[in-house]
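> Sharing a structure, written as structure tokens. Questions coming.
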Amino acid sequence: MPPADGPWPCIRISDFHLISVSGQAINDLKDVDFIGAFDSEGYCMGYAALEGQKGNILLTVYGDDEFTATKDGAGEGDRIFFRSFNTVANTEIELEAEYITKFPNFDGQFAINGLSGISILKESVAGINETVSSASVHIYPNPATDQVTIVYPYVGNLVRLTMISTDGKTMKTLTIGSLLTQLDVGDLHPGIYILKMESAENLVIKRVMIR
């Protein structure tokens, strides 16, 4: 059975790390439809749907494809970050995980053929009211066809947006200084693009799928 469509673009390859998330950790999360795993740059490396799940769930974190020029998954030793997603409110929340030490891998890092267990997932308080986090930036619709709306919590510094193709070419650039920005993407070929948002204090990277 194929995985449920999730809110984040994710490339699945053969190298992976399995994480068993306890039923108690899932029950403690309120109004959550998906849990995602990310690297430090905000790339989604795997996600799991919670709807209809009972007990423990298995979250598969996928590794990087060494045969592509761009990074599209986790590298050995990369730290794994977590977010939750509410499909009704279209909101993401950064999560902190507590690992179960009886599993082979409990240091929070990706390992090929790794196996980890998580006992607790709770909302992260790191960085609140200090910097713009990846979880506070929203892009919709995603996938998109003609236009995307970018919600960036503008905090006073101009933000430079750069849309980059998977082969490293810069497709669009734009400077923003407001909460809402609309970006035309109708002239782009279907595929996955990297949207880099950089200010004097922050760097946020998102993936955008054009269809």
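> Select from region 146-175 the residues that are at pLDDT below 90, more than 21 Å from the chain's Cα centre (by Cα) and not hydrophobic (A, V, I, L, M, F, W, C) and list them in ascending order.
Hits for region 146-175 are 156, 157, 169, 170.
Listed here are the residues, each with its yes/no results for (1) under 18 Å from residue 111 (Cβ atoms); (2) of a type in the set (Asp, Glu); (3) under 12 Å from the mean Cα position of the chain (by Cα); (4) outside the structural domain of residue 202 (by TED's automatic domain parsing).
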position	(1), (2), (3), (4)
9	no, no, yes, yes
47	no, no, yes, yes
54	no, no, no, yes
60	yes, no, no, yes
77	yes, no, no, yes
93	no, no, yes, yes
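> Sticking with this one: Please go through region 1-48 and give me each residue that is in a strand (DSSP E or B), of a type in the set (Val, Ile, Thr) and within 16 Å of residue 90 (Cα to Cα), ordered by number. Talk me through it step by step, then tell me what you get.
Going residue by residue through region 1-48, those that are in a strand (DSSP E or B) are 16-21, 34-38, 44-48.
Remaining after also requiring of a type in the set (Val, Ile, Thr): 19, 21, 35.
Result: 35, single match.
> Taking region 66-94 on its own, how many of its residues are basic (Lys, Arg) and surrounded by 14 or more Cβ atoms within 10 Å (Cβ to Cβ)? Show your work before the answer.
Within region 66-94, the first condition is being basic (Lys, Arg), and the residues that meet it are 71, 79, 83.
After this cut, where a residue has to be surrounded by 14 or more Cβ atoms within 10 Å (Cβ to Cβ) as well, the list is 71, 83.
Matching residues across region 66-94 total 2.
> Still on this model: Please give the number of the condition residue 68 fails out of (1) touching a Ser or Thr at 6+ places or on another chain (Cβ under 9 Å); (2) part of a strand (DSSP E or B).
With (1) touching a Ser or Thr at 6+ places or on another chain (Cβ under 9 Å); (2) part of a strand (DSSP E or B) applied to residue 68, the lone miss is (2).
> Moving to a separate point now. Tell me which residues, restricted to region 44-78, are among the basic types (Lys, Arg) and farther than 21 Å from residue 26 by Cα. Lay out the reasoning, then the answer.
The initial filter retains those residues of region 44-78 that are among the basic types (Lys, Arg), namely 54, 71.
Correct list: 71 only.
> Let me ask you something else. Considering region 39-62 alone, what residues qualify as being in contact with a His (Cβ under 9 Å, 6 or more places away or on another chain) and among the polar types (S, T, N, Q)?
Of everything in region 39-62, just one residue is in contact with a His (Cβ under 9 Å, 6 or more places away or on another chain) and among the polar types (S, T, N, Q), namely 60.
> In region 49-65, which residues are surrounded by 13 or more Cβ atoms within 10 Å (Cβ to Cβ), out of contact with any Lys or Arg (no Cβ under 9 Å at 6 or more places or on another chain) and not in a loop (DSSP other than H, G, I, E, B)?
Hits for region 49-65 are 49, 57, 59, 61, 63.
> Okay, moving on. Please specify each residue of region 87-115 satisfying the condition of being assigned to a loop (DSSP other than H, G, I, E, B) and closer than 22 Å to residue 32 by Cβ. Break it down into steps so the answer makes sense when it comes.
Filtering region 87-115 down to residues assigned to a loop (DSSP other than H, G, I, E, B) leaves 87-90, 100-108, 110-114.
Of everything in region 87-115, those that are assigned to a loop (DSSP other than H, G, I, E, B) and closer than 22 Å to residue 32 by Cβ turn out to be 87, 88, 89, 90, 100, 108.
> Let me ask something else. Could you identify the single residue in 98, 66 that is over 17 Å from the mean Cα position of the chain (by Cα) and under 26 Å from residue 13 (Cα atoms)? Give the steps one after another, and end with the answer.
On the way: 98 fails: under 26 Å from residue 13 (Cα atoms).
Checking each option against the conditions leaves just 66.
The values are calculated or read from the model by the stated rules, or taken from the named source; none is laboratory data. From a predicted model like this one, the values you see are computed outputs, not experimental measurements. A quick note on method: Cβ atoms are made from the backbone with ideal geometry, for glycine too, and the neighbour counts reach across all protein chains shown.
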